[in-house]
Amino acid sequence: MITWIASSAPAALVSVVSLAALTLTGHGGSPPLEWGDGPLTVDSLPRVTYVAHRGGAREVPENSMSGLMAAYRRGTAQVLDFDTRVLRDGTPVVFHDATLNRTTFLGGEVRKLDAEEWKGVRLRPRDRLPGSWRSERPPTVEEVLDRLGGRVLLMLELKDPAGLERVAGMIRERRLTRSVFVNTNHPRVAARVHRLGLLTQLWRSAEQMRTDRPEEWRSFVDLLDVDIRARDGDVKRAVRSGVPRVWAHTVVTPAQRDRALALGCDGVLTDAPGRLARYRTRVPGPVSSVTGR
């Protein structure tokens with residue numbers, strides 16, 4: 001059942017943004033000119049990588065096409081992160097929560113909608129976001145891959161592992177297997193991602209990291225995504241695991257970033273990439289321990 005949620009947003013902010021104007025030529029045609037000789041790949045990442053978490057959720061409407069495009073144009077992050085869920089008919093869409101209530105004008109479960117019904121969903125921008133944002137339909141995964149795939153590195157979190165095969169097909173069709181990290185919290189799902197020939201990302205909470213043995217995942221995980229709230233020793237164990245990349249989430253202050261880098265991480269996922277970009281990276285000497293909350 002879908003229900004309407006009242007909004008106090010001004011009427012000017014709820015006009016619909018046309019996604020048609022944002023769509024590139026379909027993936028069956030020539031690759032975008034921005035690719036040059038091929039899509040941007042993981043090999044292009046700098047030594048320290050910034051990821052715009054949900055597009056930079058403190059700066060833009062999370063998981064929206066306009067937010068992802070704004071983060072891309074600003075250039076303060078080398079990777080754009082977004083979440084995915086699966087509709088009733090199997091269509092993968094860009095959305096974080098299991099329900100529509102928090103970020104749209106509707107209520108109800110995402111998985112109960114089909115692609116046609118999804119066209120009627122409109123995001124509800126947070127009042128606290130800087131700037132002026134209009135309401136728009138949450139994009140499908142296919143739309144984001146067509147719009148941004150190959151132009152910037154992407155990070156796609158699977159909230160519904162059942163959608164993996166379909167998402168994997170979309171990535172392969174577009175020749176983006178070295179351009180999109182596929183993220184999950186489940187080691188078994190990560191192993192499936194690896195077997196499908198995709199870049200595998202595994203995120204872990206501070207609580208999980210207390211008992212994890214990350215060295216067991218180095219044969220199939222390309223990126224280990226650790227909780228910034230974890231203990232120093234748990235982060236260091238992840239860094240020493242043999243997994244090629246270890247990045248920290250979710251970082252919102254320069255101090256958190258500098259702590260992650262001091263502990264050996266080589267990237268951060270942040271809700272505020274623009275804010276962090278304004279502050280020079282400073283890796284301190286001794287780092288005090290903190291525990292997960």
task = First measure r as the distance between the Cβ atoms of Arg195 and Asp232, then evaluate 1/(1 + (r/R0)^6) with R0 = 45 Å and state the FRET efficiency to the nearest 0.05.
result = 0.85
request  = Could you go through the stretch 256-269 in sequence order and give the Karplus-derived ³J(HN,Hα) for each residue, using 6.51 cos²θ - 1.76 cosθ + 1.60 with θ = phi - 60°, rounded to whole Hz, and x for Gly and Pro?
outcome  = 5, 4, 5, 5, 4, 5, 5, 7, x, 5, 10, x, 9, 9
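At a 10 angstrom cut-off on C-beta neighbours, averaged per residue, how do the peptides 128-137, 74-83 rank from highest to lowest?
Details: 128-137: 14.9, 74-83: 21.5.
Order by mean packing, descending: 74-83, 128-137.
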inquiry  = Show me, for the stretch 119-134, the HN-Hα J-couplings you get by feeding each phi into the Karplus relation (A = 6.51, B = -1.76, C = 1.60, θ = phi - 60°), rounded to Hz, glycine and proline as x.
reply    = 5, x, 7, 10, 5, 10, x, 5, 5, 7, 5, x, x, 10, 10, 9
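Kirkwood Rh over alpha-carbon pairs of the stretch 213-288, then Stokes-Einstein at 20 °C and 1.002 mPa s: what D in µm² s⁻¹, rounded to an integer? Walk me through the intermediate numbers first.
Values: Rh = 12.6 Å.
My calculation gives 171 µm²/s for D.
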task = In nm, give the distance between the simple-model label positions of Thr281 and Glu117, each being 7 Å from the Cα along the Cα-to-Cβ direction.
result = 4.5 nm
ask   = When the accessible area of the stretch 159-268 is split by element with a 1.4 Å probe, what percent falls to carbon and sulfur?
value = 47 percent
Estimated vicinal HN-Hα couplings, Hz - the stretch 41-50 in sequence order (Karplus 6.51, -1.76, 1.60; Gly, Pro = x) = 10, 4, 5, 8, 5, x, 4, 10, 10, 9
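Contact order normalised by length for the stretch 166-293, with contacts defined as Cα pairs under 8 Å and 6 or more residues apart; what percent is it? Mind showing how you got there, number by number?
Details: 216 pairs, mean separation 24.1, N = 128.
Contact order relative to length: 19 percent.
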task = Report the far tail of the P(r) of the stretch 161-284, meaning the percent of Cα-Cα pairs longer than 22 Å.
result = 38 percent
query = Label-point separation (nm) for Thr41 and Arg172, each offset 7 Å from Cα along Cα-to-Cβ?
reply = 1.8 nm
Accessible surface of the stretch 46-121 [probe 1.4 Å, protein heavy atoms]: carbon and sulfur percent = 48 percent
task = Take the Cβ-Cβ distance between Arg128 and Arg73 as r, set R0 to 22 Å, and report the resulting FRET efficiency rounded to the nearest 0.05.
result = 0.55
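Tally Lys/Arg at +1 and Asp/Glu at -1 over every other residue whose Cβ is under 13 Å from the Cβ of Val60; what's the total? Present the calculation step by step, with values, prior to reporting the outcome.
Details: positive: Arg54, Arg58, Arg73, Arg74, Arg126, Arg128, Arg134, Arg275; negative: Glu59, Glu62, Asp81, Glu136, Asp271.
Neighbourhood net charge equals +3.
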ask   = Put a dot 7 Å past each Cα toward the Cβ at Glu109 and Ser219; how far apart are the dots in nm?
value = 3.7 nm
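The values are calculated or read from the model by the stated rules, or taken from the named source; none is laboratory data. Note that the structure is a prediction, hence the values are computed from the model and not measured. Quick reminder, even Gly has a Cβ in these numbers, built from the backbone with ideal geometry, and neighbours come from all protein chains shown. When the accessible area is computed, the model is the full protein with side chains, heavy atoms only, and any ligands, DNA or RNA have been set aside. Shrake-Rupley method; radii C 1.70, N 1.55, O 1.52, S 1.80 Å.
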